[in-house]
Amino acid sequence: MAESVRSVALLGATGSIGTQTLDVLRRSPHQFKLVALSGGTRTQELVAIAREFNVPLVGVLTDADAKVVATELPGVNVVVGDAGLDVLARSADVVVNAVVGFAGLTATLAALDAGKRLALANKESLVAAAPLVDQVRAQRSTDLVPIDSEHCAIHQCLAGADATAGYRSVKRLLLTASGGPFRTKSAAELRHVTKADALQHPTWAMGPKITIDSSTLMNKGLEVLEAAALFGIGVDRIDVVVHPQSIVHSMVEYVDGSTLAQLSHPDMRLPIAYCLGLPERLDQSWGAISFTDALTLTFEPPNREAFPALDLAYEAGRLGGAAPAWLSAANEVAVEAFLQDQIAWSDIVPVVARTLDVFDGEPLTTVEELRVHDQNSRRIAAKIVAEL
Ligand code: NAD
Ligand code: MG
């Protein structure tokens, strides 16, 4: 019997996760067909990818980029902006959302609405839109699988556990964190770190936004909220443990005392391949451990005083509603301001905290409300940045 071919839409194709997804697709040409692509910048790279994979549908951010693509690739269908992302996210069996930031929202909601498999790297959309995703899930079954390595590990460790009744057999989820480049620094030392220091991740090579988030531990805070949204488990049943080797990608502790973990050397192509192949495992190996060389795994608690982003995220998770959307939006503004040399590294999390202080608990039940929350949080965060 011929293998059935799954069609794939890859949003954010030119980024770190995007290009690693292409690696996975190149290794399994008979199982997947790339049918839609998008990129925010680097249009020439996008054109090259579209050529290599013979992709009939391409999304870009601006009309100017659309012209470039149309000229370079006659016959290819070009779509633009948010409306374009909506079209792309409904066009394939599997939608890989590797856009960075809140800009990934449209694709996340469209893929779920269209009943496609959503292979989600874009954690910001799920963190912000958790109540809306819950609404969709209450109406019908969805196919949402996480590319984020910790959540992919938990997804694997939860196999066989009963999701109904809120995973009663699960005591807690344990998200591992590398600790980032500043793991061993005190709060006083952290006042003087530079952009170059912050962009230097010890175990992962990633896009700039998530690399900065990893240095503040906001990435882990967002991941706590992401795990709560994905698995329907409250933030107080989710713990963070620092594991500098990034080999144990996360763990699940069951009520009988047993803890399951997923191990591999850090390589995002493994979780990407997992999400594409499910329920099968693809026959391509990434990050397997030999165990013939000595291997030391260490674990320690996070330094919550030096890295207040973590507790801030728990606070937003307990508030619920639009609080996580505010946290994530303010963080995007603060990280961008830091990358533009407008604020110091040590200002990033205080900007988010001060923005969250203004959050008034207004409800979040529609996409329109979510966009207003996002805008309000950004406006307040930008004002705080300007006053620094
Ligand atoms: P990146 O910056 O390398 O790539 C982002 C992609 O999104 C690019 O293709 C860019 O052109 C596109 N893009 C940017 N702004 C856009 C916009 N406004 N509209 C449409 N497209 C836009 O980022 P990345 O590191 O690949 O991360 C992507 C997502 O995956 C993030 O949400 C990140 O948190 C998550 N993630 C990344 C990693 C990793 O190893 N890189 C690991 C786990 C999770
Ligand atoms: Mg992660």
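Residues that are closer than 30 Å to Asp341 by Cβ, within 21 Å of the chain's Cα centre (by Cα), within 14 Å of ligand 2 (Cβ to nearest atom) and of a type in the set (A, V, I, L, M): does the range 224-236 have at least one? Yes; the residues of the range 224-236 include at least one that is closer than 30 Å to Asp341 by Cβ, within 21 Å of the chain's Cα centre (by Cα), within 14 Å of ligand 2 (Cβ to nearest atom) and of a type in the set (A, V, I, L, M). All of (1) within 16 Å of ligand 2 (Cβ to nearest atom); (2) crowded, with 20+ Cβ neighbours inside 10 Å hold for Arg117 with one exception: (1). Quickly run through the range 165-198 and pick out the residues that are hydrophobic (A, V, I, L, M, F, W, C) and surrounded by 14 or more Cβ atoms within 10 Å (Cβ to Cβ). Within the range 165-198, Val170, Leu173, Leu174, Leu175, Ala177, Phe182, Leu190, Val193, Ala198 qualify. Only a single criterion out of (1) outside any strand (DSSP E or B); (2) open to solvent by less than 50 Å² (accessible area, probe 1.4 Å) is not satisfied by Leu37, namely (1).
Name the single residue that is surrounded by the most Cβ atoms within 10 Å (Cβ to Cβ) among those in the range 292-302 being touching a residue at least 24 places away in the same chain (Cβ under 8 Å) and not β-branched (Val, Ile, Thr). The extreme case among them is Pro302. Among the criteria (1) closer than 22 Å to Ala187 by Cα; (2) of a type in the set (D, E, K, R); (3) in a loop (DSSP other than H, G, I, E, B), the one Lys220 does not fulfil is (3).
Filtered by the rule that a residue be in contact (Cβ under 8 Å) with a residue 60 or more places away in the chain, in a helix (DSSP H, G or I) and closer than 19 Å to Gly317 by Cβ, the range 352-372 gives Val352, Leu370. Look at the range 317-341: where a residue is closer than 16 Å to Glu369 by Cβ and a partner is surrounded by fewer than 19 Cβ atoms within 10 Å (Cβ to Cβ) and basic (Lys, Arg), sitting 6+ places away or on another chain with Cβ atoms under 9 Å, you get Ala329/Arg378. Cβ separations smaller than 6 Å between residues 6+ apart or across chains give the following pairs from the range 206-222 residues that are under 13 Å from Ser178 (Cβ atoms) to residues that are within 8 Å of ligand 1 (Cβ to nearest atom) and among the hydroxyl-bearing types (Ser, Thr, Tyr): Met206/Ser16.
For the range 327-375, taking the residues that are among the β-branched types (Val, Ile, Thr), open to solvent by 10 Å² or more (accessible area, probe 1.4 Å) and under 16 Å from His192 (Cα atoms), the one that is nearest to the chain's Cα centre (by Cα) is identified as Val349. Annotation note: Cβ proximity below 9 Å between a residue of the range 129-151 that is on the phi < 0 side of the Ramachandran plot and a residue that is polar (S, T, N, Q) and surrounded by fewer than 18 Cβ atoms within 10 Å (Cβ to Cβ) (sequence gap 6+ or interchain) occurs for Pro131/Thr365; Leu132/Thr365; Leu132/Thr366; Val133/Thr142; Gln135/Thr365; Val136/Thr142. Taken across the range 151-162, residues that are touching a Pro at 6+ places or on another chain (Cβ under 6 Å) and open to solvent by less than 20 Å² (accessible area, probe 1.4 Å) do occur, with at least one present. Residues that are touching a residue at least 60 places away in the same chain (Cβ under 8 Å) and more than 12 Å from ligand 2 (Cβ to nearest atom) were ranked within the range 246-255; the one that is farthest from Ala129 (Cα to Cα) is Val255.
Somewhere in the range 262-280, is a residue farther than 30 Å from Pro29 by Cα, modelled with pLDDT of 95 or more and not basic (Lys, Arg)? Let's see the steps before the verdict.
Looking only at the range 262-280, we keep the residues that are farther than 30 Å from Pro29 by Cα, and these are none.
Looking for residues that are farther than 30 Å from Pro29 by Cα, modelled with pLDDT of 95 or more and not basic (Lys, Arg), one finds none in the range 262-280, hence no.
Note on the range 1-38: residues that are in contact with an Asp or Glu (Cβ under 7 Å, 6 or more places away or on another chain) and within 13 Å of ligand 1 (Cβ to nearest atom) total 1.
Among the residues of the range 210-219, is any open to solvent by 20 Å² or more (accessible area, probe 1.4 Å) and either more than 30 Å from Gly39 (Cβ to Cβ) or within 13 Å of ligand 1 (Cβ to nearest atom) (or both)?
Scanning the range 210-219 turns up at least one residue that is open to solvent by 20 Å² or more (accessible area, probe 1.4 Å) and either more than 30 Å from Gly39 (Cβ to Cβ) or within 13 Å of ligand 1 (Cβ to nearest atom) (or both).
Residues that are among the hydrophobic types (A, V, I, L, M, F, W, C), in contact (Cβ under 8 Å) with a residue 12 or more places away in the chain, more than 29 Å from Ala316 (Cβ to Cβ) and assigned to a strand (DSSP E or B) do occur in the range 60-71. Whether a residue is surrounded by 24 or more Cβ atoms within 10 Å (Cβ to Cβ), modelled with pLDDT of 95 or more and outside the structural domain of Thr176 (by TED's automatic domain parsing) was assessed, and Val133 does not pass this test. Which of the residues that make up the range 5-19 are away from ligand 2 (no atom under 16 Å from the Cβ) and surrounded by fewer than 24 Cβ atoms within 10 Å (Cβ to Cβ)? Within the range 5-19, Val5, Arg6, Ser7, Thr14, Thr19 qualify. Val78 meets the conditions (1) near ligand 1 (Cβ under 9 Å from one of its atoms); (2) farther than 29 Å from Trp326 by Cβ in every case but one. The failed one is (1).
The values are calculated or read from the model by the stated rules, or taken from the named source; none is laboratory data. These numbers come from a predicted model, not from an experiment. Every residue, glycine among them, receives a Cβ derived from its backbone with ideal geometry; neighbour counts consider all protein chains shown. Ligands, DNA and RNA are stripped out before the accessible areas are found, and what is left, the full protein with its side chains, is counted by its heavy atoms. Shrake-Rupley method; radii C 1.70, N 1.55, O 1.52, S 1.80 Å.
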